[in-house]
Structures are given as structure tokens and as C-alpha cells.
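These notes concern the structure reproduced below.
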Ligand code: MN
Ligand code: MN
């Protein structure tokens with residue numbers, strides 16, 4: 001059950017309108033690393049989760065992501081208010097047909113500079129910053145906690161980085177306060193998912209099948225020979241996985257012998273072909 005609470009999780013303000021930045025911020029509204037994608041990712045995982053603690057965490061975070069969506073959406077609206085896009089909407093009383101037919105010359109150019117906003121009216125559209133519509137393909141759940149939690153950790157890391165880049169490209173101190181809050185919460189979510197993954201005793205490899213032992217610890221040196229050809233192996237060896245170095249040429253099998261072409265006599269006769277169903281087309 002959902003209840004509408006009139007409070008915001010964090011009060012959003014902007015110092016001045018900025019439709020260009022509103023457009024950039026759409027990335028976190030309807031983009032692949034955005035808040036809607038995050039909320040849907042954790043809701044769908046949570047509903048399918050049979051472990052009570054993981055389910056509770058997923059649904060708590062999913063719900064918070066909706067609060068983030070609200071904050072991003074309200075910030076976008078504030079950034080649009082008082083901008084040419086909003087003025088266009090006011091002149092048109094919300095109906096943009098005349099404008100699109102070129103009847104309001106002086107607004108056409110202004111609105112074209114923020115076509116995302118023009119077509120969305122005063123509200124944010126569910127697109128990324130380039131105008132690509134939101135898609136369920138952003139929800140990359142595979143239905144196994146040890147894989148999904150890792151995916152969630154990466155998703156939170158990406159969301160954090162997008163907020164960081166947005167903060168760096170904004171000169172609006174109020175807007176930056178909001179973005180900083182949102183970025184910080186994504187760091188907190190990443191920690192929660194890390195904790196949930198650690199709490200699964202056997203969390204690697206994902207799934208039940210262990211893989212073939214002879215290949216599970218093999219590091220194939222697929223680099224050309226040279227001074228740095230085993231750098232990657234040195235890196236892999238520094239972990240706990242006990243990798244062994246193999247030259248690529250140590251593996252591989254001969255291709256199966258080519259089968260001789262069937263003799264003409266053993267092929268279906270032309271007469272058989274004619275009755276093989278093709279005649280019906
Ligand atoms: Mn979020
Ligand atoms: Mn998050």
C-alpha cells in the first residue's frame with residue numbers, strides 16, 4: 001500500500017530557472033541510471049524475494065527511490081518555471097498546436113531551444129537527457145540475489161557518478177544542495193546492498209553450478225608476448241582466487257574432421273523435393 005505524504009524527503013529549491021540544466025537532469029528522471037529505473041528495479045526484485053530481510057530492504061529502498069523521483073521531478077519543474085518554454089505554454093494556455101503550426105513566431109525559436117520542455121509542457125517527460133523514452137530494458141534483474149545485488153551495487157555506483165557530474169556542471173547552489181543529498185543517498189544504498197550481499201554466506205559464483213575446476217582458476221595469457229604480457233595475470237594473482245597462468249596455445253582442440261559430402265545418390269531426388277511441401281506455396 002502506498003500513502004501520499006505531503007512532505008518532501010528533502011526540500012528542493014533552485015536559485016533561478018535554467019531549462020538547459022533541467023534537460024540534463026532528465027537523465028536522473030527517465031534515464032537508465034535514473035530514479036524511476038532504480039525504483040522499478042528494486043520493487044520487482046523485492047516482490048519476488050522470499051528472504052524477509054532482503055525483501056524489506058529492497059522495498060524500503062524502492063520506496064525511497066520514488067521519493068527521489070519526486071525530488072528530481074519537482075526540481076525540473078522549478079528549473080523550467082519562468083523559462084521561455086513555460087512562457088510558451090502560458091501564451092498557448094497549454095495548447096501548443098498553433099505554435100507548432102508557426103503561428104507565434106516570436107516564441108518558436110525560444111521553444112525550439114528547449115524542445116523537450118515544449119513537448120512536455122510544464123512537466124518533466126519520462127526520457128533521458130537526450131530525449132530517449134524510458135524503457136523497461138533499464139531494469140536488468142535476473143532473479144538471483146547474488147547477481148541482482150551486484151547489479152544493484154553497480155547501478156547505485158553509476159547513479160552516484162551521474163549526480164556527481166551533474167553537481168560539477170551546475171552553478172546553482174540550491175540545486176547543488178539537492179543533488180548532493182541525492183548523491184549521498186546513492187552512496188548509502190550502495191553500502192546497504194554491499195551489506196546484503198555479504199550476509200549471503202555462499203554468494204559466489206552466482207547460481208548452483210560451480211563450473212569446471214580445470215577452467216575455474218585458469219588465466220589465459222591472450223596477450224602478444226612482450227614485457228607487459230603478464231601484467232593482467234599479476235593483477236588477477238594478487239586476489240584470493242589462486243589463478244594459474246596458461247598460455248593460450250595450451251588449450252584448444254583440433255576441429256572435428258570434415259565430413260565428406262554425401263554422394264549424389266544419397267541425396268533426396270528431385271522428385272522427392274517436389275513433394276516435400278514446397279509446392280503448396
Ligand atoms: Mn535514488
Ligand atoms: Mn539508490
Quickly run through the stretch 42-71 and pick out the residues that are more than 15 Å from residue 145 (Cα to Cα) and more than 17 Å from the chain's Cα centre (by Cα). 60, 63, 64, 67, 70, 71
Just to be sure before I move on: is residue 144 more than 16 Å from ligand 2 (Cβ to nearest atom), surrounded by fewer than 17 Cβ atoms within 10 Å (Cβ to Cβ) and at pLDDT 95 or above in the structure I sent? yes
Going through 150, 185, 208 one at a time, which residue ends up being surrounded by 11 or more Cβ atoms within 10 Å (Cβ to Cβ) and more than 16 Å from ligand 1 (Cβ to nearest atom)? 150
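Select, from 49, 70, the only residue that is within 22 Å of residue 180 (Cα to Cα), in contact (Cβ under 8 Å) with a residue 60 or more places away in the chain and more than 10 Å from ligand 1 (Cβ to nearest atom).
Only one candidate qualifies: 70.
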Given (1) modelled with pLDDT of 90 or more; (2) more than 23 Å from residue 62 (Cα to Cα); (3) assigned to a helix (DSSP H, G or I); (4) more than 22 Å from the chain's Cα centre (by Cα), index of the condition residue 177 fails: (2)
Before we move on, is residue 201 surrounded by fewer than 15 Cβ atoms within 10 Å (Cβ to Cβ) and more than 16 Å from ligand 2 (Cβ to nearest atom)? yes
What number goes with the only condition from (1) assigned to a helix (DSSP H, G or I); (2) crowded, with 18+ Cβ neighbours inside 10 Å; (3) at pLDDT 95 or above that residue 33 does not pass? (1)
Can you pull out the residues in the stretch 159-173 that are more than 11 Å from ligand 1 (Cβ to nearest atom) and buried (at least 16 other Cβ atoms within 10 Å of the Cβ)? 166, 167, 170, 172
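Here is a yes/no grid of residues against (1) touching a strand residue (DSSP E or B) at 6+ places or on another chain (Cβ under 7 Å); (2) more than 14 Å from ligand 2 (Cβ to nearest atom); (3) within 17 Å of residue 127 (Cα to Cα):
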{"position": "12", "(1), (2), (3)": "no, yes, no"}
{"position": "17", "(1), (2), (3)": "no, yes, no"}
{"position": "20", "(1), (2), (3)": "no, yes, yes"}
{"position": "24", "(1), (2), (3)": "no, yes, yes"}
{"position": "28", "(1), (2), (3)": "no, no, yes"}
{"position": "35", "(1), (2), (3)": "no, no, yes"}
{"position": "48", "(1), (2), (3)": "no, yes, no"}
{"position": "51", "(1), (2), (3)": "no, yes, no"}
{"position": "58", "(1), (2), (3)": "no, no, no"}
Assuming residue 220 fulfils every condition listed in (1) more than 30 Å from residue 165 (Cβ to Cβ); (2) surrounded by fewer than 11 Cβ atoms within 10 Å (Cβ to Cβ); (3) at pLDDT 90 or above apart from one, which condition is it? (2)
Being outside any loop (DSSP other than H, G, I, E, B), at pLDDT 85 or above and farther than 17 Å from residue 216 by Cβ is the filter here, so list the residues in the stretch 237-281 that pass it. 247
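To keep it simple, each residue is scored yes or no on (1) outside the structural domain of residue 45 (by TED's automatic domain parsing); (2) touching a residue at least 40 places away in the same chain (Cβ under 8 Å); (3) part of a helix (DSSP H, G or I).
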{"residue": "137", "(1), (2), (3)": "no, no, yes"}
{"residue": "149", "(1), (2), (3)": "no, yes, yes"}
{"residue": "152", "(1), (2), (3)": "no, yes, yes"}
{"residue": "160", "(1), (2), (3)": "no, no, yes"}
{"residue": "171", "(1), (2), (3)": "no, no, no"}
{"residue": "181", "(1), (2), (3)": "no, yes, yes"}
{"residue": "206", "(1), (2), (3)": "yes, yes, no"}
Residue selected from the stretch 188-198 under the condition surrounded by fewer than 15 Cβ atoms within 10 Å (Cβ to Cβ) and within 14 Å of ligand 1 (Cβ to nearest atom), by the criterion nearest to residue 147 (Cα to Cα): 191
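The values are calculated or read from the model by the stated rules, or taken from the named source; none is laboratory data. Quick caveat: nothing in here was measured; it's all calculated off a predicted structure. All Cβ positions, glycine included, derive from the backbone under ideal geometry; neighbour counts span all protein chains shown.
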